[in-house]
Amino acid sequence: MTELAWISTAISNARPQAMGALLRYFRDLDAAEEAFQDACLRALKNWPKNGPPRDPAAWLIFVGRNSGIDAVRKRAKQAPMPEEDQVSDLEDAESDMAERLDGAHYRDDILRLLFICCHPDLPATQQIAVALRIVSGLTVKQIARAFLVGESAMEQRITRAKARIADAGVPFETPGAVERSERLAAVAAMVYLIFNEGYSSNGGEARARAPLCEEAIRLARLLLRLFQQEPEIMGLTALLLLQHARAPARFDENGEIVLLEDQDRSLWSRKMIDEGLALVDKALRHRKPGPYQVQAAIAALHARAATAEDTDWTEIDLLYGLLEQMQPSPVVTLNRAVAVSKVRGPEAALAMIEPLEERLSGYFHFFGLKGGLLMQLGRNEEARVAFDRAIALANTAAEAAHIRMHIDRLIKESAEKSSLQKTR
Amino acid sequence: MLYAILCYASEDVVCSWSKEQDDEVMAKILDVQDKYAKAGRLGPVARLLPTTAATTLRKVKGEAVVLDGPFAETKEQFLGFYTLECKDLDEAVEFARELSEVNPSGGSYEIRPVSVFNPTKVAV
């Protein structure tokens, strides 16, 4: 790795902590960002010469704070600009820098930084975009590419979201225990959204959007480092790792979806699975189940199955039942129906999803599953109707192509049947 | 004398390497190991999952308590170890130096003489 690559890794790793602290000092997002940018520029100049500091975050906070204060003074036209050597000679300052930083604050700093991005007035996509910009430090161009929109559109979206955050005011008081856990839940939900944004893409887009999944995993690990004893954060991190472990097997070379049961399991990332399973184990010991843990436990059962036939569908059915109680939603029931179809057959599964039709009338996966179940039952006419609905609702070309495959099969079957009848 | 060479580095940095970067570093580290393995001097080697996957059992007032996370929160984390047969400390230092040259994560290697060694084989 080149020196520049090392520096940029160090800076991006230090970013959440440094930005969080600078936001606490300046109580203003723009001022914090400016100060951080300035500190980064000085780091690029200083680190190659003097070697990397032992604690990059402390260095960036210290330098960023000084330069931010300078900027405020400059604007106030009070004192002349301080000399460069005041900030460039950091060799001695570095050792007592850790002292100056209030270490106890850093958890709340990072949490606050993430939390202000989850403002309830902001639509989910804006929350994500702003978090990726402010917390992760991705460039607008990178974010625009991941969201498949133009750079200027994304720039506008982020600027608007930031203005909204500024209007809302940043909560600076140190949170109490209840508030902290509420913030943590909101932030966890946002990390999950970032992951989903990257995950629910089709083959052609998967490469462009994979960084979203990786960034979500990085943020989840960061949260877990800050809140080591939270089983739901273990569950969240495990869930993302176990899902992302399957990424190399999810699409074939033409970008078409490969269903879980057809995936080449040797392509799954063993390392991510091991880490995910370890976290599920750790979480379960707390006996404080929650939705992320249950979803991680389901993903773990898939990861543990050596072949699709080895999948423990009975246990998955039970876990979805638990999730339904915790988070009642037609989509959860729909997922449960897949497990039910394996354990008790397509008829039982169909009975389970039929009451959902009204609420899921705009949902691709509902009609995909309904069509599949009807096809298994040999009710081809009805299956065809469901598949047609699914195609109309497909979000990606890969989804549509997948359903088309089923329809083609149905057409072929009915053609064979009718030619059979003719020959009779 | 058998030495343990214990690796410490910032796991934030190491975990954020892309798969390509990680593979590249690991290939270089393997080259260093190979040389010593061929000479019959390299013992068991392990790379550990991140400390977020760690659990610590600690005795508190005579009672074993299971805690989440690593033994201590530190700026650099214990990420893995090597064991190496060396005739003296200089040789062990040389091995650590070669490792550090191919490892861009910064970090440190703690060189500790081994007292009891029981390399029972497990199927991995």
Hits in the range A:1-44 - residues which are surrounded by fewer than 18 Cβ atoms within 10 Å (Cβ to Cβ), in contact (Cβ under 8 Å) with a residue 40 or more places away in the chain and charged (D, E, K, R): A:3, A:27, A:28, A:30
Of the residues A:206, A:153, A:177, only one is away from chain B (no Cβ under 14 Å), over 21 Å from residue A:16 (Cβ atoms) and touching a strand residue (DSSP E or B) at 6+ places or on another chain (Cβ under 9 Å); which? A:206
Which ones in the range B:13-25 are under 16 Å from the mean Cα position of the chain (by Cα), facing chain A (nearest Cβ under 8 Å) and within 21 Å of residue A:220 (Cα to Cα)? B:13, B:15
When you check residue A:270 against the structure, is it farther than 22 Å from residue A:385 by Cβ and either assigned by TED's automatic domain parsing to the domain that holds residue A:246 or touching a Cys at 6+ places or on another chain (Cβ under 9 Å) (or both), yes or no? yes
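From the list A:308, A:283, exactly one residue is surrounded by fewer than 18 Cβ atoms within 10 Å (Cβ to Cβ) and not hydroxyl-bearing (Ser, Thr, Tyr). Which is it?
Values: A:283 fails: surrounded by fewer than 18 Cβ atoms within 10 Å (Cβ to Cβ).
On inspection, the qualifying residue turns out to be A:308.
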Restricting the first residue to the range B:47-63 and requiring it to be more than 7 Å from chain A (Cβ to nearest Cβ), which pairs with a second residue that is exposed (fewer than 10 other Cβ atoms within 10 Å of the Cβ) and not in a loop (DSSP other than H, G, I, E, B) meet a Cβ separation below 8 Å and a spacing of at least six or different chains? B:57/B:64; B:58/B:64
Can you tell me which of A:149, A:170, A:191, A:178 is within 30 Å of residue A:259 (Cα to Cα) and surrounded by fewer than 19 Cβ atoms within 10 Å (Cβ to Cβ)? A:149
All but one of (1) among the β-branched types (Val, Ile, Thr); (2) buried (at least 22 other Cβ atoms within 10 Å of the Cβ); (3) over 14 Å from the mean Cα position of the chain (by Cα) hold for residue A:165; which doesn't? (2)
Go through (1) hydroxyl-bearing (Ser, Thr, Tyr); (2) farther than 18 Å from residue B:12 by Cα; (3) within 13 Å of chain A (Cβ to nearest Cβ) and name the single condition residue B:82 misses. (3)
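Give the residues of the range A:144-195 that are outside any helix (DSSP H, G or I) and among the hydrophobic types (A, V, I, L, M, F, W, C), sorted by residue number. Spell out the reasoning first.
Restricting attention to the range A:144-195, the residues satisfying the condition of being outside any helix (DSSP H, G or I) are A:148-150, A:169-176.
Hits for the range A:144-195 are A:148, A:149, A:170, A:172.
Looking at the range B:26-46, which of its residues are within 14 Å of chain A (Cβ to nearest Cβ) and free of Cβ contacts under 8 Å to residues at least 24 places away in the same chain?
Pass one, the range B:26-46, residues within 14 Å of chain A (Cβ to nearest Cβ): B:26-29, B:46.
If the condition is that a residue be within 14 Å of chain A (Cβ to nearest Cβ) and free of Cβ contacts under 8 Å to residues at least 24 places away in the same chain, then B:26, B:27 are the ones that fit.
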Just to be sure, is residue B:21 among the polar types (S, T, N, Q) and surrounded by 16 or more Cβ atoms within 10 Å (Cβ to Cβ)? no
Just the residues that are surrounded by fewer than 16 Cβ atoms within 10 Å (Cβ to Cβ), out of contact with any Ser or Thr (no Cβ under 8 Å at 6 or more places or on another chain) and either closer than 18 Å to residue B:45 by Cα or among the β-branched types (Val, Ile, Thr) (or both), please, taken from the range B:60-79. B:60, B:65, B:74
Tally of residues being assigned to a helix (DSSP H, G or I), within 14 Å of chain B (Cβ to nearest Cβ) and within 29 Å of residue B:26 (Cβ to Cβ) across the range A:1-47: 16
Starting from the range A:283-294, keep only residues that are at pLDDT 95 or above, then list their pairs with residues that are among the small types (Gly, Ala, Ser) whose Cβ atoms are within a distance under 6 Å, requiring at least 6 positions of separation or different chains. A:283/A:235; A:292/A:235; A:293/A:235; A:293/A:283
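The values are calculated or read from the model by the stated rules, or taken from the named source; none is laboratory data. Given the structure is predicted, the values throughout are model-derived calculations rather than measurements. Note that we place each Cβ from the backbone using ideal geometry, even for glycine, and neighbour counts take in every protein chain shown.
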